[in-house]
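To start, the structure under review is shown below, and the notes come after it.
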Amino acid sequence: ADDDYEVLVVGKTLGFRHSHIDDTTQAIIDLGEDHGFTVDVWDPPNDSTGPFWGASPGQPELTMESTPFTSAEDLSQYATIIFVSPVDGTNNQDPEAPRLLDDAELAAFQGYIRDGGGFVGIHAATDAMHAVPWWSELTGGGARFQSHPRQQEATMHVEDPTHPSTEMLPLVWERFDEWYNYTANPRADVHVLITLDEETYNPGSGAMGEDHPIAWCQNFDGGRSWYEGAGHTDESYSDPLFLEHILGGIEWTAGVVDGGGNCVTFDEVEELVDDLDTDTGRERAAVRNVTKHLDKAEQAADADNHAKAARELRTASVLAGALVRGEDGDVLSDKIADLAEWQRGLATSGR
C-alpha cells in the first residue's frame, strides 16, 4: 500500500455528457497526488452522430492518443479503472449501435477483470453498454440506469459503515444530487453500502420503493467492483467527505486497503459451497453442517441480529476449514471469515 500505483480514468461519452466529468477527473488526479497513485485519462473528443449520440468535447489536453483497451495484459498496469459517467446512448439496447467499448475493447476489459482487476463506477457508469449483460452485472447485479427526477436534497442511510469507503460517513447522510432509479434492485447480487430514503424526496415515476440501494460493491468475475450512484453535481468533487468516500472505493478496488468483509455476500459463499467436491457421505454431511450455520447466519442478518450472525459464521468458517484441505478450503474459510467480520462490524456500530 506504500508503493505508487496507476489508475485509469475513463470519461469517454457517445451520448449525453455530464459536466462533472472534467471536475471528477481533476479531483481524482489531485487525490492521486495526495495518496500515492498516478492517473491516465481516456476521454477523446468525438463527433458520433445518431438519434442517441452527440459530439463530445472530451478532454483533449489529458486524454491518451489511442484506446488503452488493447489487451488484458496492457490494462494490467492499472490497479483499477474508474468509469466517470461514460454515457453512450445505448438505452434502446440495440446490439449493433456504437458503444463505449467495442467487441475487442470489451474482451480486453473482461480479461483484465478476470485477472483480478478493479472497477469503479461513478454516477452514470450504469448508463452505458446497455446491450451487454456482462457490463450491467459488473456495475451492479444487472441494475441499469432507468430514470431520475429533478435534482433535490435527499437522505441516504449508510447500511454498511464498516467498509473502507463508508467508515468515514455519517450513518444518516443528507446531500443535494441527482438520484437515479434503476431497472432492478441489485441487492440479491451485491453488497449494499448505502440506500436512499424515498420518503425524503420525490423519486418520480421510476420509484424503487422502500429498498433503494444507491452505492454498492461486489467481488465479480475475479475482480473487485465498486459503484456510487450519486455524484452528478459539479460541487460533489469539491466536497471533502464525498471525495474521501470515492477514494475509499478506488483504494479498495485497487487492492491497497481491505476491511469491512471485503464486499463478500452470502450468495458468493453459497456458490463456493455448492461447487465443493463431496465424494463421501461424511463430506456431504459436513457440507450440510456448514450450510446449516450459513443459513442461520443469513436469517439472523436479515433480522438485524448481527452479533448472532457473526457467531454462526465463525462456526461455519471453522467447519469449512476442517472440511476442505488446500487452496479451495482456504478460500472458502477466508470468505466466510469476511462475512463474519462484516456482521461483527455491523453489530459493533449499532447498525
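Phi angles across segment 175-184 convert, under the Karplus curve 6.51 cos²θ - 1.76 cosθ + 1.60 with θ = phi - 60°, into 3J(HN,Hα) values of 9, 9, 6, 9, 9, 7, 9, 10, 5, 8 Hz, Gly and Pro given as x. Hydrodynamic radius of segment 203-331 by the Kirkwood approach over all distinct alpha-carbon pairs: 17.6 Å. Can you spot the lysines whose alpha carbon is less than 29 Å from Lys296's alpha carbon? Ignore those fewer than 8 places along the same chain. Within the straight-line cut-off, Lys296 pairs with Lys308, Lys335.
Each principal axis of segment 271-351 carries a Cα extent, and these read 42, 21, 18 Å when sorted largest first.
Per residue, the chain exposes 42 Å² of solvent-accessible protein surface, assessed with a 1.4 angstrom probe and all protein chains in place.
For the chain, DSSP calls about 55 percent of its internal beta bridges antiparallel. The stretch between Ser48 and Ala184 holds 46.0 nm of extra length on full extension. This uses 0.36 nm per residue minus the Cα-Cα distance.
Global size of the chain: 20.5, 65 Å for Rg and Dmax (C-alpha atoms, Rg to one decimal, Dmax whole).
Based on DSSP H runs of at least 4 residues, each adding -39500 (n - 2.57), what is the mean residue ellipticity at 222 nm of the chain after dividing by all its residues, to the nearest 500 deg cm²/dmol? Display every interim value, and only then the final one.
Details: 9 runs with 127 residues, N = 351.
That calculation yields -11500 deg cm²/dmol at 222 nm.
For segment 113-173, the convex hull spanned by the alpha carbon atoms encloses 117 Å³ per residue.
The share of accessible area on segment 205-290 that comes from carbon and sulfur is 43 percent, using a 1.4 angstrom probe. Please work out, to two decimal places, the log10 of the ratio I(q)/I(0) at q = 0.19, 0.23 Å⁻¹ from a Debye calculation in which every Cα of segment 29-93 carries one identical scatterer. Values returned for q = 0.19, 0.23 Å⁻¹ are -0.93, -1.15.
The values are calculated or read from the model by the stated rules, or taken from the named source; none is laboratory data. The structure presented is a predicted model; accordingly, all values stated were derived computationally and were not measured. All accessible areas refer to the heavy atoms of the entire protein, side chains included, with ligands and DNA or RNA removed. Shrake-Rupley method; radii C 1.70, N 1.55, O 1.52, S 1.80 Å.
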